[in-house]
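Novice: The structure that follows is given in the form of structure tokens.
The values are calculated or read from the model by the stated rules, or taken from the named source; none is laboratory data. All values derive from a computational prediction rather than experimental measurement. Cβ placement follows ideal geometry from the backbone for every residue including glycine, while neighbour counts extend to all protein chains displayed.
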Amino acid sequence: MKRYTKDHEWIEDADGILTVGITDHAQEQLGDITFVELPEVGKTVAKGDAFAVVESVKAASDVYAPVAGEVVEVNETLDATPELVNEAPEAAGWFAKIKTASADLSEFMDQAGYDEYLKTIS
Amino acid sequence: MADTANDAPLKRTPLAETHEASGARMVPFAGYSMPLQYAGIIAEHTACREGAGLFDVSHMGQLRLDESEPGAAAAWLERLTPSNINGLKEGAARYSVLTNEAGGVVDDLIITNFGDHMRLVVNGARRDAVAAHFAAHADPKVTVTPIDRALIAIQGPEAEAALAPFVSIDLSALTFMTAAYGEAFGADAMISRCGYTGEDGFEISLPGDVAPAAWTTLCENPKVSPVGLGARDTLRLEAGLCLYGQDLSEEISPVEADIGFIMPRRRREEGGFLGAERILAEAAQGPARKRVGLKIEGRVPARAGAVLQADGRDVGIVTSGGVGPTVGGPIAMGFVEAGHNEIGTELAAIVRGKAVPVTVAPLPFVPSRAKRKT
């Protein structure tokens with residue numbers, strides 16, 4: 001099940017490997033995305049680290065690691081086609097996979113909770 | 001983009017409701033609630049380069065100058081700008097800057113001569129600063145009156161064809177940097193052939209109450225797309241045009257900003273404008289730093305504030321930067337000290353702690369398509 005952070009990232013857990021990306025709301029706010037700076041595979045990230053940067057036509061925005069762990073894979077296709085983040089932010093536009101020892105995602109929102117959260121900030 | 005942060009409620013242009021109804025994302029800019037984007041910055045940018053872009057620039061300050069004796073307004077403006085205003089023909093418009101005593105820039109503006117009066121367009125965020133500057137240098141023979149009207153720009157290769165059916169004047173006879181009064185959308189209007197995109201185009205000053213119908217009518221043309229502040233910024237950056245608050249300021253001189261073309265030979269020889277001492281010295285000896293274009297290697301943009309280095313030493317700063325959709329990559333403008341600002345010089349922009357290779361490049365990045373006199 002997908003989980004969502006207040007920083008507008010989504011997380012999907014598959015046996016302790018967490019796929020992380022930004023939400024549809026986030027891509028819409030950022031506008032046309034022209035470049036995504038992804039972390040190197042093998043990098044260890046702490047929770048809350050700025051582990052990726054999204055460059056849109058408008059601005060550069062940090063993406064924060066929602067959990068601590070090791071980056072085991074990044075979405076190489078974003079290098080040639082960063083617009084995938086605009087087109088399919090919660091599928092083909094994923095950012096990275098983070099391997100984590102303790103994948104307790106209960107602090108994050110589910111889809112319904114995130115939808116409610118979006119209403120409170122709009 | 002130069003937002004003005006203050007607590008006053010945001011002002012609304014006569015087109016604010018029209019923007020909101022079309023789903024534009026509105027942001028505070030120059031004290032106004034303004035559209036940042038409609039369809040998306042790249043789509044709007046491209047629409048302007050290939051068809052026609054429609055811009056609400058009603059946040060900009062429009063002023064009228066009247067004079068109690070012929071020539072008084074031109075003489076006054078020659079004291080406040082380094083440009084040739086005495087020689088500005090009737091119906092001609094000129095880009096210039098208001099200088100301060102220190103040789104910096106109070107604002108950049110367009111001055112249009114209509115014979116018995118002149119019209120000015122100043123930056124929205126600089127209305128108050130310009131008013132204060134005019135008050136401090138007032139001339140009893142010249143009256144400055146704000147004009148409360150909408151200002152719409154239409155820019156791009158299809159601009160003339162899109163606008164022509166709705167105006168009383170012959171647009172094909174209006175060349176770049178000329179203006180005329182006439183009727184537009186059934187109301188009295190001032191129409192200028194100028195813009196801020198590097199494309200051919202027009203600015204139409206018209207009564208606020210007809211602006212929504214004018215906007216909607218123009219948007220019915222499939223070749224016309226509304227363009228927000230986001231693409232306005234990428235268009236002007238590709239065109240190598242300065243944005244006040246970033247590339248121009250009260251500290252930056254027009255010579256440093258490399259817009260010395262606004263100061264013709266007579267003014268260089270005679271002086272007689274605010275800040276002439278510094279400006280003429282810089283023009284004669286070359287400025288210590290100069291605005292240049294910067295081509296950036298790779299795809300990481302160097303944005304305003306990024307430090308520019310040569311051999312590890314700070315030699316400049318990026319003042320405008322981003323992605324140029326027509327160029328197809330990151331571009332920037334910045335101020336670089338003498339010795340490192342020749343075209344072709346290789347520098348490094350520091351972005352998030354990393355050195356990004358950049359090369360000093362000629363401006364504009366995209367050639368101007370303004371319709372000049374032939």
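Novice: Looking only at residues that are touching a residue at least 40 places away in the same chain (Cβ under 8 Å) and surrounded by fewer than 22 Cβ atoms within 10 Å (Cβ to Cβ) in the stretch B:163-177, which one is nearest to residue B:218 (Cα to Cα)?
Specialist: Filtering the stretch B:163-177 for residues touching a residue at least 40 places away in the same chain (Cβ under 8 Å) gives B:163, B:166, B:175-177.
Among the residues that remain, those that are also surrounded by fewer than 22 Cβ atoms within 10 Å (Cβ to Cβ) are: B:166, B:175-177.
Numbers: B:166: 9, B:175: 21, B:176: 21, B:177: 22 Å.
Out of the qualifying residues, it is B:166.
Novice: For the stretch B:79-95, does any single residue satisfy the condition of being outside the structural domain of residue B:156 (by TED's automatic domain parsing), touching a residue at least 24 places away in the same chain (Cβ under 8 Å) and closer than 30 Å to residue A:29 by Cβ?
Specialist: The answer is no, given that none of the residues of the stretch B:79-95 is outside the structural domain of residue B:156 (by TED's automatic domain parsing), touching a residue at least 24 places away in the same chain (Cβ under 8 Å) and closer than 30 Å to residue A:29 by Cβ.
Novice: Shifting gears a bit: Considering each of B:135, B:159, B:213, B:180 in turn, give the residue that is without any contact (Cβ under 8 Å) to a residue 24 or more places away in the chain and on the phi < 0 side of the Ramachandran plot.
Specialist: Values: B:159 fails: without any contact (Cβ under 8 Å) to a residue 24 or more places away in the chain; B:213 fails: without any contact (Cβ under 8 Å) to a residue 24 or more places away in the chain; B:180 fails: without any contact (Cβ under 8 Å) to a residue 24 or more places away in the chain.
Of the residues listed, the single one that is without any contact (Cβ under 8 Å) to a residue 24 or more places away in the chain and on the phi < 0 side of the Ramachandran plot is B:135.
Novice: Hey, does the stretch A:91-98 have a residue that's within 27 Å of residue B:36 (Cα to Cα), surrounded by 18 or more Cβ atoms within 10 Å (Cβ to Cβ), touching a Gly at 6+ places or on another chain (Cβ under 6 Å) and free of Cβ contacts under 8 Å to residues at least 60 places away in the same chain?
Specialist: No.
Novice: Please determine, by comparing only the residues of the stretch B:337-352 that are modelled with pLDDT of 95 or more and loosely packed, with under 15 Cβ neighbours inside 10 Å, which one is nearest to the other protein chains (Cβ to nearest Cβ). Talk me through it step by step, then tell me what you get.
Specialist: Our first condition is that a residue be modelled with pLDDT of 95 or more; within the stretch B:337-352, this holds for B:337-351.
Imposing the further condition that a residue be loosely packed, with under 15 Cβ neighbours inside 10 Å reduces the set to B:338-339, B:342-344, B:346.
Numbers: B:338: 30, B:339: 30, B:342: 29, B:343: 25, B:344: 25, B:346: 21 Å.
The qualifying residue nearest to the other protein chains (Cβ to nearest Cβ) is B:346.
Novice: Between a residue in the stretch A:20-31 that is closer than 19 Å to residue A:1 by Cα and any residue that is among the small types (Gly, Ala, Ser) and surrounded by 20 or more Cβ atoms within 10 Å (Cβ to Cβ), which pairs come within a Cβ distance under 7 Å, given they are 6 or more apart or on different chains?
Specialist: Matching pairs, first to second residue: A:20/A:96; A:21/A:93.
Novice: Moving to a separate point now. Out of the stretch B:304-336, which residues are assigned to a loop (DSSP other than H, G, I, E, B) and away from chain A (no Cβ under 14 Å)? Before you say what the answer is, go through the steps one by one.
Specialist: Going residue by residue through the stretch B:304-336, those that are assigned to a loop (DSSP other than H, G, I, E, B) are B:304-306, B:311-312, B:325-328.
Within the stretch B:304-336, B:311, B:312 meet the criteria.
Novice: Could you look through the stretch B:279-303, keep only residues that are assigned to a loop (DSSP other than H, G, I, E, B) and either away from every other protein chain (no Cβ under 14 Å) or touching a Ser or Thr at 6+ places or on another chain (Cβ under 9 Å) (or both), and pick out the one that is surrounded by the fewest Cβ atoms within 10 Å (Cβ to Cβ)? Full working, then the answer.
Specialist: The initial filter retains those residues of the stretch B:279-303 that are assigned to a loop (DSSP other than H, G, I, E, B), namely B:286-288, B:297-303.
Next, from what is left, pick out any that are either away from every other protein chain (no Cβ under 14 Å) or touching a Ser or Thr at 6+ places or on another chain (Cβ under 9 Å) (or both): B:286-288, B:297, B:299, B:301, B:303.
Values: B:286: 11, B:287: 23, B:288: 13, B:297: 14, B:299: 17, B:301: 26, B:303: 20.
That would be B:286.
Novice: Another one. Among the residues of the stretch B:325-366, which ones are more than 18 Å from residue B:291 (Cβ to Cβ), without any contact (Cβ under 8 Å) to a residue 60 or more places away in the chain and among the aliphatic types (A, V, I, L, M)?
Specialist: Result: B:348, B:350, B:351, B:355.
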